[in-house]
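The values are calculated or read from the model by the stated rules, or taken from the named source; none is laboratory data. As the structure is a prediction and not an experimental result, all values here were calculated from the model. Methodologically, a virtual Cβ is constructed for each residue, glycine included, from the backbone with ideal geometry; neighbour enumeration extends over all protein chains shown. Keep in mind that these areas ignore ligands, DNA and RNA; they rest on the heavy atoms of the full protein, side chains included. Shrake-Rupley method; radii C 1.70, N 1.55, O 1.52, S 1.80 Å.
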Amino acid sequence: MSEPTVTVRLREQTGKNANRRLRAAGEIPAVVYGGEGDSAAIRVDGRSVQTLIREGGENAVFLLELEGTDRTRHTMIRDLQWNPLTGALVHIDFLRVKMDQEVQVSVPIALVGTPEGVRNEGGLLEFITREVGVVCLPGDIPASIELDVEPLHVGQHVEAGELTLPAAVRLEDDESRVIVSVAAKKVVEEEEEVPEEDELLEAVAEEPEMVGAMTESEDEDA
């Protein structure tokens, strides 16, 4: 299977105005750093790189290829910057990696199934920690870590140290960190309000005259 490859070009100009022109032309300003080389300002095709990100995830390993040369280098995405108003990708930081050297990354947790405590005991599933830190070789980074929550009853939880990791991956996180728990639903019973004696007396005192009762003037006319 071929590696995801991103063709890049060096940025001759930097700064806000130059970056705006790049984005208007469909390119994204980026930088690559780390390893034994110096930082380099580059630009990448926006559509192609976003497709690769969607398919491989933010922990995917990319082969950067400098356009017009045979120079390539394995990298990972260290940071993505998005426009908060439009949601458009505006900048990428690539980190150089070596395929034979371990890296530390955060991997999302994927829950599998519905807990017993939710299905039959009226409990609520609380997804507390959605990703954990792990260490492994770049080629062994899992897209996600599955956690089967079906056996969980109300009052039970799963900690990071209980996760089942791939053989080549080890946890680099607090083992006691709670991932999920099944809690009992809180039932709030509202006590029926019983009117106090003073309220009853006030209600009687304010009771209107009965319909059909004779007034004093009507009695005299009779």
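Mind checking which residues of the range 104-121 are crowded, with 18+ Cβ neighbours inside 10 Å and part of a loop (DSSP other than H, G, I, E, B)?
PRO115
Restricting to the range 1-36, and then to whatever is closer than 24 Å to GLY87 by Cα and among the small types (Gly, Ala, Ser), can you tell me which residue is surrounded by the most Cβ atoms within 10 Å (Cβ to Cβ)?
Residue satisfying both the conditions and the ranking: ALA30.
Filter the range 148-167 for residues that are open to solvent by 20 Å² or more (accessible area, probe 1.4 Å), of a type in the set (A, V, I, L, M, F, W, C) and farther than 17 Å from SER106 by Cβ; which is modelled with the lowest pLDDT?
Taking the candidates together, the pick is ALA167.
Condition first: assigned to a loop (DSSP other than H, G, I, E, B), at pLDDT 95 or above and not hydroxyl-bearing (Ser, Thr, Tyr). Now tell me which residues in the range 122-140 satisfy that.
ILE128, ARG130, LEU137
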